[in-house]
1. Using the structure shown, decide if VAL321 is of a type in the set (Val, Ile, Thr) and over 30 Å from LYS729 (Cα atoms).
2. ALA201 - would you say it is more than 16 Å from the ligand (Cβ to nearest atom), within 21 Å of GLU635 (Cβ to Cβ) and part of a loop (DSSP other than H, G, I, E, B)?
3. Considering each of GLU325, GLU293 in turn, give the residue that is among the acidic types (Asp, Glu) and surrounded by fewer than 20 Cβ atoms within 10 Å (Cβ to Cβ).
4. Surrounded by fewer than 23 Cβ atoms within 10 Å (Cβ to Cβ), within 16 Å of the ligand (Cβ to nearest atom) and on the phi < 0 side of the Ramachandran plot: which single residue out of ASP566, ASP525, ASP534 fits that description?
5. For the stretch 79-134, which residues satisfy the criterion of being in contact with a Phe, Trp or Tyr (Cβ under 9 Å, 6 or more places away or on another chain), away from the ligand (no atom under 16 Å from the Cβ) and modelled with pLDDT under 95?
6. Looking only at the stretch 296-321, which residues are surrounded by 18 or more Cβ atoms within 10 Å (Cβ to Cβ), closer than 21 Å to GLU394 by Cβ and either in contact with an Asp or Glu (Cβ under 7 Å, 6 or more places away or on another chain) or β-branched (Val, Ile, Thr) (or both)?
7. Starting from the stretch 122-146, keep only residues that are over 20 Å from ALA190 (Cα atoms) and in a loop (DSSP other than H, G, I, E, B), then list their pairs with residues that are away from the ligand (no atom under 16 Å from the Cβ) and basic (Lys, Arg) whose Cβ atoms are within a distance under 6 Å, requiring at least 6 positions of separation or different chains.
8. Being modelled with pLDDT under 95, buried (at least 16 other Cβ atoms within 10 Å of the Cβ) and touching a Ser or Thr at 6+ places or on another chain (Cβ under 9 Å) narrows it down to one residue among VAL739, VAL693, VAL724; which is it?
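The values are calculated or read from the model by the stated rules, or taken from the named source; none is laboratory data. Everything numeric in this text was worked out from a predicted model, so none of it was measured. We place every Cβ from the backbone using ideal geometry, glycine too, and count neighbours over all the protein chains shown.
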Amino acid sequence: MMFNILKSTCLILLLLILASCGAQKELTENQLSSTVLDIPTYNMTPLVKDLMAKMTLADKVGEMTQLNIDMLSVGEPYNLVIPNKLDTAKLRNILVDLKVGSILNCGGHSYTRAQWKNIITTIQDYAVNKKSTGIPVLYGVDAIHGTNYTRGATLFPQQLGQASTWNPELAIECGEVTAYETRASGIPWAFSPVLDIGRDARWPRLWETYGEDPLLAKTMATSYMYGMQGDDISDPEKVATCMKHFLGYSVTLRGKDRTQAWVPTRQLLEYFAPTFQAAIDAGARTVMINSGEMNGIPVHVNKEILVDLLRNKMGFTGLAVTDWEDIGYLVSRHRVAKDFKEAIGQAINAGIDMAMVPLDASFPVLLKELVEEGVVPMSRIDESVARILLVKEELGLFEPMKPLDTYTEFASAKSQASALAAAEESIILAKNDNNILPLDKNKRILVVGPNATSLNSLNGGWTGTWQGTDTTYNTPGKMTILEAMQEEFSSIITAEAGQEVRAASRADAIVVCIGEMPYTEKPGDIDDLDLDDDQIELVKSLQATGKPVILVAVEGRPRTMNSIVDESAAILVAFLPGDEGGPAIANILSGDTNPSGRFPITYPKSSNDLVTYDHKGTDLVHRDFSMDAFNPQWEFGYGLSYTTYDYTNLIVLPNLNGGIDVSVTVSNTGTQTGKETVQVYVSDLVASITPSVKRLRAFEKVELAAGESQTLSYSITKEDLSFVGRENKWIFEKGDFKVAVAGLSEMISL
Ligand code: BGC
């Protein structure tokens, strides 16, 4: 025993000495040595070891390259022939000669399953049968709210909508269906979920997040991931997920995509890292890096983030892929490198494993030169290649692929039902004066507004195409809000744009569908968060008719609309409910479905007052002279129902682990079945750094029949109550806490 300890101590010492020698050698040998890795954080299976032993440097740098399918297709990038046709010479050059190991996405728009089958089998034939290593290609796709690049796939609400359901079961179902339909397209790797926390309403990718709260986001994310990955990603009905976008991407200073972010370490650790940590713990095998720069350093060259934090502190062992063209942007946007080659050296030495250089096949050639010139150490290459090969092995890519025609459940009725349930539960009833909703099915209802007739607006970006604006790729048979209303109600009135007020005279009620048209990333940047003037004017003119106006907001971020809220009789906020959004909205308006969505973000009242629910300091809900006046349109967690709930018996006790046990009884006091989201908030009254007014510490969505009650219990641990303190470390401080559930609250001293 003693000998063994001695032996291992000696071995560790020897390794340390060797490691430090290596590091010193590299220090003298190359300019970029300060970023050289010294701790290998990868595993070698026998297969990976065997493959690596046989691979040349060219084989290895090829594995680290990811190109877009444009590079294999007939035509020019962004201008391919339609329908897509693979180009034999390009296939040979890219896959066999350059040995490129990963391909992504589609050439501009979604493909049919038959097209995918041809694409994937052809690509794998070149990789496995014609390339010297025989290593299959790792194909990745943006499957964001379903398999949105395969025609006819099941399309769920976007992530913000999924978060509005507060229902992790639905996130699991979304993951299961998406994994199945992605594999049915021959693709084993999905670039989702987005784990960035959505704390800036202006950001054009807010709707791609699970909202502003880390607990809600990590619960939804890990549920979705479980649906996607199951217990084994080699299962031909499961895929590998990709954590996006590590780290600090969502909180730029200006609210615009890919602009500078300044994120202090404390906030980074407390708000932005926990979703990634939860995903790593839940078995995430791949990560995509933040395109932007944080605190003046592009994340793609930031070893502190990519190695010290992601690998050494958070324990991630999978593969890290760049985001789109981001090595090139180190030159053109960030100006930290003078040319592409220098940028490659910086990024690889900082810890990037795979480069998404979608349209630039010079990457493997230049990386090979960098290794030969001693700028990038071979150890760095081996580490990345081992990680990539391991993921390929874990995905079962070295085994024969399950025949794609055997995925008979693609877009099945069951999957569509899941998408409808998720869409229904994602819709938030934000206002319902005098219970004007639900509407009688025989009432004469005028349905107008720009979003009434646009299926694309219900889906948002990443639908058929990147921006989601091209109607050519819409799923046949899916309904707009107007079409779904016409199915659901007997007397729907329509009106041409400009004729709405005149048509209102014939209506008992007016449903105005407002919001945004699809976008994502840079094209979605805005200069003003207010809802467009013409929509505000349309709503005001309809309100002036005296007929009850019901707003339906279809939008990816909370466009401020305070001037039309008071005069609206009812408001539904639908965010981006997906292909089933039309029927879901119609079902809620008619009362066939009882709404149960809750805000996953704070809905601001004005564009100069963007504050999250868990802001610091006091909680004064007044426009007074207090520093922290908090006056949102609707608060995080808020949402109405067609039934009513009552909370009683809040019991709060210290538990054995030093945390808090909470129990509460919730009763459905109304006349119909409903789903209520029980939310437990804890306020730390005094702390060594300014505490948040409150933090969500537990939640659960429960279904209750009319008259039914349920007593629910939650155990909140000390860790749940901890925060990142002055030393930038997680700490728990004893003291007084307030626990609040709905209108009830109790104090407790720990
Ligand atoms: C986006 C990523 C996406 C990637 C591949 C990038 O522009 O930021 O979220 O996965 O493109 O399409």
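1. Numbers: of a type in the set (Val, Ile, Thr): yes; over 30 Å from LYS729 (Cα atoms): no.
Answer is no for this residue.
2. Values: more than 16 Å from the ligand (Cβ to nearest atom): yes; within 21 Å of GLU635 (Cβ to Cβ): yes; part of a loop (DSSP other than H, G, I, E, B): yes.
Answer is yes for this residue.
3. On the way: GLU293 fails: surrounded by fewer than 20 Cβ atoms within 10 Å (Cβ to Cβ).
Testing whether each residue is among the acidic types (Asp, Glu) and surrounded by fewer than 20 Cβ atoms within 10 Å (Cβ to Cβ) leaves just GLU325.
4. Details: ASP566 fails: within 16 Å of the ligand (Cβ to nearest atom); ASP534 fails: within 16 Å of the ligand (Cβ to nearest atom).
Of ASP566, ASP525, ASP534, the one residue that is surrounded by fewer than 23 Cβ atoms within 10 Å (Cβ to Cβ), within 16 Å of the ligand (Cβ to nearest atom) and on the phi < 0 side of the Ramachandran plot is ASP525.
5. Within the stretch 79-134, PRO83, ASN84 meet the criteria.
6. Result: LEU319, ALA320, VAL321.
7. LYS131/LYS99
8. Values: VAL739 fails: modelled with pLDDT under 95; VAL724 fails: modelled with pLDDT under 95.
After applying the criteria, what remains is VAL693.
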